[in-house]
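Take a look at the structure set out below.
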Amino acid sequence: MNACNCDMCRKSGARWGYFDPSQVTITGPGKSYRRGDKPVPSSEIHFCTTCGATTHFLLTEASVAKFGDTMMGVNMALASENELAGIELRYPDGKSWSGEGTFGYYRENRVLGTEG
């Protein structure tokens, strides 16, 4: 699970768990948003039109063409932390990431449910 510090992730309040799209079923009404500060956005954020919560992201058509429809993110912040005990929470430094290579991290990873 990732708590990225890029503007889009931070502003959406999401902690992303990554899944193959075939593993996830979405129900209920929703809307989506694509960031306007990137010439070719890689993902589209979805949110509930009833409560406004960020629910998931899907890859855009451009990303699917480049990488395949291999991943979607589910906002794990919608679950309580005790339901996620034992899962590692990572803090990728998306704010500083150039889009090339691997992420750095802005904080040490932690395993949920192990705090004293």
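The values are calculated or read from the model by the stated rules, or taken from the named source; none is laboratory data. Remember, it's a predicted structure, so these values are computed and weren't measured experimentally. All Cβ positions, glycine included, derive from the backbone under ideal geometry; neighbour counts span all protein chains shown. In case anyone asks, the SASA skips ligands and DNA or RNA and just uses the protein heavy atoms, side chains included. Shrake-Rupley method; radii C 1.70, N 1.55, O 1.52, S 1.80 Å.
Taking other residues whose beta carbon is less than 13 angstrom from the beta carbon of Met8, and scoring Lys, Arg as +1 and Asp, Glu as -1, yields +3. Can you give the net charge of the other residues whose Cβ lies under 13 Å from the Cβ of Thr102, counting K and R as +1 and D and E as -1? It works out to a net charge of -1. Residues whose amide H lies under 5 Å from that of Ser43, counting only those 5 or more places away or on a different chain, are Thr60; hydrogens are built 1.01 Å from N in the peptide plane. With the helix formula -39500 (n - 2.57) applied to DSSP H stretches of n ≥ 4, the chain reaches a computed 222 nm mean residue ellipticity of -2500 deg cm²/dmol. Solvent-accessible area of the stretch 49-88 (1.4 angstrom probe, protein heavy atoms only): carbon and sulfur portion equals 57 percent.
Averaged per residue, the chain has 64 square angstrom of accessible surface, using a 1.4 angstrom probe with ligands and nucleic acids left out. What label, among (i) 9.1; (ii) 11.1; (iii) 8.1, belongs to mean projected area of the Cα convex hull in nm² computed from the structure on display? Step by step, mean projected area of the Cα convex hull in nm² for this structure corresponds to label (iii).
Our coupling estimate for the stretch 78-87, obtained by passing each phi through the Karplus curve with A = 6.51, B = -1.76, C = 1.60 and θ = phi - 60°, is 6, 8, 7, 5, 5, 6, 10, 3, x, 8 Hz, Gly and Pro reported as x.
Taking 7 Å steps out from each Cα toward its Cβ at Glu83 and Trp97 produces label points 2.5 nm apart.
By a 1.4 Å probe calculation restricted to protein chains, Ser63 has an accessible surface near 10 Å², given to the nearest 10. Put simply, the amide H of His56, placed in the peptide plane, has neighbours under 5 Å in His46, Asn75, leaving out anything fewer than 5 places away on its chain. Calculated FRET efficiency, Asp69 to Lys11, Cβ-Cβ distance, R0 = 30 Å: about 0.75 to the nearest 0.05. Rounded to the nearest Hz, the phi-derived 3J(HN,Hα) couplings of the stretch 18-30 under the Karplus curve 6.51 cos²θ - 1.76 cosθ + 1.60 (θ = phi - 60°) are 9, 9, 6, x, 5, 8, 10, 10, 9, 10, x, x, x, where x marks glycine and proline.
Computed from the C-beta positions of Thr27 and Thr114 and an R0 of 22 Å, the FRET efficiency is 0.10 to the nearest 0.05.
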